Amino acid sequence: MNEAIRELLAKVGGLPVAVEQISDEEDLYNAGLSSFASVQLMLGIEDRFDIEFSDQFLNRKSFASIKAIERTVEAILKNNEDA
Amino acid sequence: MNAGAGNSLQQRATRVAAIAAQFADNVDTQARFPREAISAMKAEHLLGIQIPADLGGEAAQVEQIAEICSIIGQSCAASAMIFAMHHIKLSSLVEHGQSAQWHRAFMRRVAAEQLLLASATTEGGIGGDLRNSICAIEIDGDVCRLEKNATVISYGTEADAILITSRSGAEAASSDQVMTVFVKDQYTLEKTNGWDTLGMRGTCSEGFVFRGAGSTEQILPHPFAEIAAQSMLAMAHLLWSALWYGIAVDAVTRAQSFVRAAAKRAPGVQQPGALRVAEASNMLQMLKSEIVACLNTYRHAKDDSDKLASMGFAITMNNLKVGASQSILQIINHAMLVCGIMGYKNGTPYSLGRHLRDANSAQLMVSNERILGNTATMLLIHKQNTSLLG
Ligand SMILES: Cc1cc2nc3c(=O)[nH]c(=O)nc-3n(C[C@H](O)[C@H](O)[C@H](O)COP(=O)(O)OP(=O)(O)OC[C@H]3O[C@@H](n4cnc5c(N)ncnc54)[C@H](O)[C@@H]3O)c2cc1C
């Protein structure tokens, strides 16, 4: 999953630095992720993992770092399984 | 405190509004600072009401401050806008500065000395995109320095302190911002732009090169991204909408008294303007309901940082701002149709020129185009809440 998120981030994130230079915990907004790019990233993730983000997950915290995105996607996948 | 009758917030605001009304036309024509109204706010101790009681304030809530904006907005929109902007800045300190010693001490001063706070987010080359900065704060031991090409600082020369945004350091990305409080003796303002505008002339929103130096303790201890998302944008859209509502209320009141006077002169005759007054009253009611609903939304979200940071909340507040700024123009235009030439002329009891000119700033004060663009982006991913009550 980490790989897939990094791939999408490289494609749509529009960051001023290479994705390889960003650690899993680093704050993506401080690294230059714009709100437009973050929405593009969310759309990419919805498509890639076949999930939908409910409003509860659509906040800065869920997308603040690569690790946070992983946690968010895992929580949604788990929710879907349980449902 | 003023010795006049009654000391509820509303009574204090009403006394300020009476003074603001007396000077509103002069403030507008001269494009001068409404010093009488702002002195009255200080005399009534209205500049510190938002501050917690243990720091010398009255812990006033956003809906109480909104009501005051609306009351003063009915008399002099520029005075109300200054009051609103001061409290929007103060909310950043109250919501995000209480853990910091410097900011606590500063809040005590604001309450005790009735200091007036101004805002410098807009920057040359960036415009109204407040979530990006070009300038960067320079940190040198305990000292911080900042130079900013601040193209619009309302009442910049009259303020006692300026809250100003910048990048968090020389290497920081444009969206990695902080907000710093500089007090009057810590900065200079070199004027770059005047403020000869269509409306909101009394806000004296001139442009300056700001140069300041202070202690690093004066930098607010939370990232500006958090401050903007969790309190500043909501406070701005709520308080602005409240005072814009005040402008519209006064316009409708004028139209209504125009029709009433005509009805008295010609009893039994249906007044042509009466239907327009009814329509305006309908629009005014919708605007009022929208503002009240959004005040409730904010109050309920206030203690839940996840909710405040959610897209749903941001979209709701954006919609309030865009909707309110558009509907006041329609409402005032209706009032103008009712009053006709008596509304179009200055200096009559039904004059509406100042209302209409002031109201035109609402769409531009952070451009609706920009806000709609942000909402449009969020709606690519945000799913609509289809319930009526939820
Ligand atoms: C009465 C008043 C008082 C003010 N006081 C202050 C103050 O005290 N401190 C302060 O910092 N600022 C203040 N401002 C400035 C305000 O906050 C905005 O920054 C400013 O009005 C925006 O100016 P602008 O239209 O030139 O800039 P921009 O925001 O750059 O917009 C210019 C135009 O470009 C278009 N545009 C730009 N970006 C986009 C986009 N992303 N999507 C779609 N269209 C876009 C829009 O058509 C817009 O009208 C004040 C403004 C007013 C009217």
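Nothing in this text is a laboratory measurement; each read-out follows from the coordinates by a stated rule. These numbers were taken from a predicted model, which means no experiment stands behind them. Note that each Cβ is placed from the backbone with ideal geometry, even for glycine, and that neighbours are counted across all protein chains shown.
Taking label points 7 Å from Cα along the Cα-to-Cβ direction, A:SER54 and B:ASN193 give a separation of 4.5 nm.
Give the Debye-formula value of log10 I(q)/I(0) at each listed q (0.12 Å⁻¹), with one equal scatterer per alpha carbon of segment B:224-379, two decimals each. Here log10 of I(q) over I(0) equals -0.57.
Comparing B:GLY343, B:GLY141, B:GLY353 in a Gaussian network model of chain B (Cα springs below 10 Å), the most mobile by mean-square fluctuation is B:GLY141. For segment A:2-82, the alpha carbon convex hull comes to 80 Å³ per residue, rounded to a whole number. Karplus-derived 3J(HN,Hα) values for segment B:32-46, using 6.51 cos²θ - 1.76 cosθ + 1.60 with θ = phi - 60°, are 10, 4, x, 5, 5, 5, 5, 4, 5, 4, 5, 4, 8, 6, 7 Hz; glycine and proline are entered as x.
R0 = 51 Å: FRET efficiency of A:ALA75 with B:ALA262, Cβ-based, nearest 0.05? Efficiency for this residue pair is about 0.20. Cross-link pairs exceeding 20 Å between alpha carbons, from the set B:LYS191/B:LYS321; B:LYS42/B:LYS89; A:LYS67/B:LYS383; B:LYS42/B:LYS184: B:LYS191/B:LYS321; A:LYS67/B:LYS383. Couplings for segment B:273-280, taken from phi via the Karplus curve 6.51 cos²θ - 1.76 cosθ + 1.60 with θ = phi - 60°, read x, 4, 5, 5, 5, 4, 5, 5 Hz in order; Gly and Pro are left as x.
Who wins for biggest fluctuation among B:PRO223, B:PRO272, B:PRO52 in a Gaussian network model of chain B, springs between alpha carbons below 10 Å? Highest fluctuation among the options: B:PRO272. Computed across chain B, the Kirkwood radius stands at 21.6 Å (inverse of mean 1/r, all Cα pairs).
Here the Kirkwood formula, the inverse mean of 1/r across different C-alpha pairs, assigns segment B:9-116 a hydrodynamic radius of 13.9 Å. Globularity index of segment B:233-313 is 1.57 (Cα radius of gyration / 2.2 N^0.38 Å, N = number of residues). Pairwise alpha-carbon distances in the protein assembly as shown exceed 41 Å for 23% of all pairs. Spin-label model, B:ASP303/B:LEU275: points 7 Å from Cα along the beta carbon direction are separated by 5.1 nm. With n ≥ 4 as the cut-off for DSSP H runs, can you work out [θ] at 222 nm for chain B, using -39500 (n - 2.57) per run divided by the number of residues, rounded to the nearest 500? One gets -16500 deg cm²/dmol as the mean residue ellipticity at 222 nm.
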